[in-house]
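These notes are about the structure you will find just below.
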């Protein structure tokens, strides 16, 4: 009997979209073949299967191509959701989750990119871009006051979909953030960065090329 092929994940270690996909995969213990790419030298195989040619892209065992990070997370959790990230949430909690993620992927990501790479966007100052991004931080700080997490008393899809972007924001100017009035975000982020799950998704992976030894993720 021929073994069912593993799903294949095209990823890039530092990309927050790819990070959220790896977080869901590691949490669910669904093993994939991980293909670490370099964005400036994308393999033709990625370009052929996804017109966007951006990570993450998941090819499931039945050759379905999923090339949106949130869709990958949802697909993974539909297979196995051992820590109740999404499928056990109430309808209103799911709705709030998707609203928070939409804000993150929309307004916050827009200003995060301009804050992080302000020299590429000289229309406004870096401080202006930070002021706009901080509107999301203020909202998240308020949300965290309820349980220490965004949706309920434990980590869920919303936390894991948003935290990689908060990490990117914070480390753009860590000294500024350390003196900012967001202690709950700092505690939330620290717990995330120090977690076994985060450590699992962040080793340096060898760049994938056709014919090299398969990289299993999460590792056995």
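Only the coordinates and a few stated rules stand behind these numbers; no lab work does. Remember, it's a predicted structure, so these values are computed and weren't measured experimentally. Here Cβ is always computed from backbone atoms with ideal geometry, including for glycine, and neighbour counts include all displayed protein chains.
Listed values, structure above:
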quantity	calculated
Filter pass, residue 21 being on the phi > 0 side of the Ramachandran plot and under 19 Å from the mean Cα position of the chain (by Cα)	no
Residues of segment 139-174 satisfying the condition of being surrounded by 13 or more Cβ atoms within 10 Å (Cβ to Cβ), over 15 Å from residue 109 (Cβ atoms) and free of Cβ contacts under 8 Å to residues at least 40 places away in the same chain	149, 159
Options 32, 55; residue that is over 22 Å from residue 195 (Cα atoms) and in contact with a helix residue (DSSP H, G or I) (Cβ under 8 Å, 6 or more places away or on another chain)	55
Candidates 58, 34, 70 - the one that is touching a residue at least 60 places away in the same chain (Cβ under 8 Å), assigned to a strand (DSSP E or B) and either within 17 Å of the chain's Cα centre (by Cα) or more than 28 Å from residue 208 (Cβ to Cβ) (or both)	34
Extreme residue, surrounded by the most Cβ atoms within 10 Å (Cβ to Cβ), among residues of segment 78-108 that are under 11 Å from residue 156 (Cα atoms) and within 16 Å of the chain's Cα centre (by Cα)	85
Single residue of segment 109-138 satisfying the filter (outside any helix (DSSP H, G or I) and touching a helix residue (DSSP H, G or I) at 6+ places or on another chain (Cβ under 9 Å)) that is surrounded by the most Cβ atoms within 10 Å (Cβ to Cβ)	121
Selection count, segment 58-76, where residues are buried (at least 21 other Cβ atoms within 10 Å of the Cβ) and under 16 Å from residue 23 (Cβ atoms)	6
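Rundown of residues vs (1) free of Cβ contacts under 8 Å to residues at least 60 places away in the same chain; (2) assigned to a loop (DSSP other than H, G, I, E, B); (3) in contact with a strand residue (DSSP E or B) (Cβ under 7 Å, 6 or more places away or on another chain); (4) surrounded by fewer than 10 Cβ atoms within 10 Å (Cβ to Cβ), yes/no style:
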| site | (1), (2), (3), (4) |
| --- | --- |
| 176 | yes, no, no, no |
| 180 | yes, yes, no, no |
| 185 | yes, no, no, no |
| 189 | yes, no, no, no |
| 192 | yes, no, no, no |
| 199 | yes, no, no, no |
| 204 | no, yes, no, yes |
| 212 | yes, yes, no, no |
| 219 | yes, yes, no, no |
